[in-house]
1. Which ones in the stretch 52-95 are of a type outside the set (A, V, I, L, M), under 26 Å from Leu129 (Cβ atoms) and in a helix (DSSP H, G or I)?
2. Among the residues of the stretch 77-88, are any under 20 Å from Ile202 (Cα atoms) and crowded, with 24+ Cβ neighbours inside 10 Å?
3. Before we move on, is Asn221 without any contact (Cβ under 8 Å) to a residue 24 or more places away in the chain and outside the structural domain of Asp100 (by TED's automatic domain parsing)?
4. I'm trying to understand the selection: among the residues of the stretch 186-232, which are under 13 Å from the mean Cα position of the chain (by Cα) and within 24 Å of Val161 (Cα to Cα)?
5. Count, please, the residues in the stretch 89-105 that happen to be surrounded by fewer than 24 Cβ atoms within 10 Å (Cβ to Cβ) and at positive phi.
6. Looking only at the stretch 17-65, how many residues end up being loosely packed, with under 12 Cβ neighbours inside 10 Å and either farther than 18 Å from Ile119 by Cα or not assigned by TED's automatic domain parsing to the domain that holds Ser91 (or both)?
7. Return the pair list, or none, for Cβ contacts closer than 7 Å from residues in the stretch 180-195 that are farther than 18 Å from Gly133 by Cα and assigned by TED's automatic domain parsing to the domain that holds Lys167 to residues that are in a loop (DSSP other than H, G, I, E, B) and among the aromatic types (Phe, Trp, Tyr), at least 6 apart or on different chains.
8. Filter the stretch 148-169 down to residues that are of a type outside the set (Lys, Arg) and in contact (Cβ under 8 Å) with a residue 12 or more places away in the chain and give me whichever is nearest to Val98 (Cα to Cα).
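The values are calculated or read from the model by the stated rules, or taken from the named source; none is laboratory data. This is a predicted model, so every value here is computed, not measured. Don't worry about glycine lacking a Cβ; one is built from the backbone with ideal geometry, like all the others, and counts go over all protein chains shown.
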Amino acid sequence: MTNKNGDLYVIPTPLNEDLDDFYTPKQKKRINHIQHFVVENKKPARNSLKKLELNTSLQELKLHENNKNVQLNYEEVLDILKSGSDVGLISDCGLPGVSDPGSELVLKCHFDNIKVKTIAQESSILSSLACSGCNGQNFEFIGYLPIDKNKRKKYLSNLAVEIKKSKKTFIFIETPHRNLETFQFLLESLNTENLVCIAYDINGDSESILTNSIKGWEKINIEFEKKPCIFLVN
């Protein structure tokens with residue numbers, strides 16, 4: 001019998017470290033059991049973790065650094081998750097994976113079928129980006145795609161060319177009745193190595209954030225919830 005994987009929680013941190021009421025009681029409750037954290041630097045991480053009122057003392061927490069000077073042992077963290085323990089991901093300030101370290105670990109989790117969740121509540125678009133594993137250094141939100149089918153398909157074909165040139169992540173939203181059709185257009189228009197993340201109901205009961213390559217998505221029979229989706233392509 002195999003253990004259920006733990007979840008990776010992407011945790012925002014305030015730009016102002018003196019902001020003691022940054023986290024809501026609901027946010028704290030979702031992650032107060034976590035004992036392992038991937039952090040950018042240990043000292044600022046401890047200041048942020050203190051505000052989360054965790055069940056485990058700061059001295060007993062396991063902090064795994066991930067920055068330009070310290071290479072994270074990804075296999076060690078993935079093994080912790082596969083053993084059934086949840087792991088938190090935080091940066092010195094802001095949102096991990098959005099102009100901060102974290103996207104590489106997030107992407108490895110997606111490819112290992114480990115769920116990525118967030119407690120960020122400010123923006124579902126940025127939360128989706130942080131939890132996607134896509135390029136968070138260079139991205140663009142393009143709103144809704146054209147309603148006309150032919151124009152939408154042509155737009156996505158042009159997008160594939162732009163992604164190849166710029167390596168940029170493009171983010172758009174779609175209405176429930178066009179989710180499946182737009183997804184099929186993505187499969188037909190993008191290159192096999194392109195990444196596609198599908199996210200909906202962020203922070204809701206049926207939250208889902210899934211990333212795969214086009215080649216990987218072609219092997220999956222996905223059923224869309226009747227909810228607005230956020231699509232990210234990279």
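1. Within the stretch 52-95, Tyr74, Glu75, Glu76, Lys82 qualify.
2. Yes; the residues of the stretch 77-88 include at least one that is under 20 Å from Ile202 (Cα atoms) and crowded, with 24+ Cβ neighbours inside 10 Å.
3. Yes: the conditions hold for Asn221.
4. Result: Leu195, Val196, Cys197, Ile198, Ala199, Leu210, Thr211, Asn212, Ile230, Phe231, Leu232.
5. 2
6. 5
7. From residues that are farther than 18 Å from Gly133 by Cα and assigned by TED's automatic domain parsing to the domain that holds Lys167, the pairs are Leu180/Phe224.
8. Our first condition is that a residue be of a type outside the set (Lys, Arg); within the stretch 148-169, this holds for 148, 150, 155-163, 166, 169.
Narrowing the set further to residues that are in contact (Cβ under 8 Å) with a residue 12 or more places away in the chain leaves 156-157, 159-160, 163, 166, 169.
Numbers: Leu156: 24, Ser157: 26, Leu159: 21, Ala160: 22, Ile163: 18, Ser166: 17, Thr169: 11 Å.
Selected residue: Thr169.
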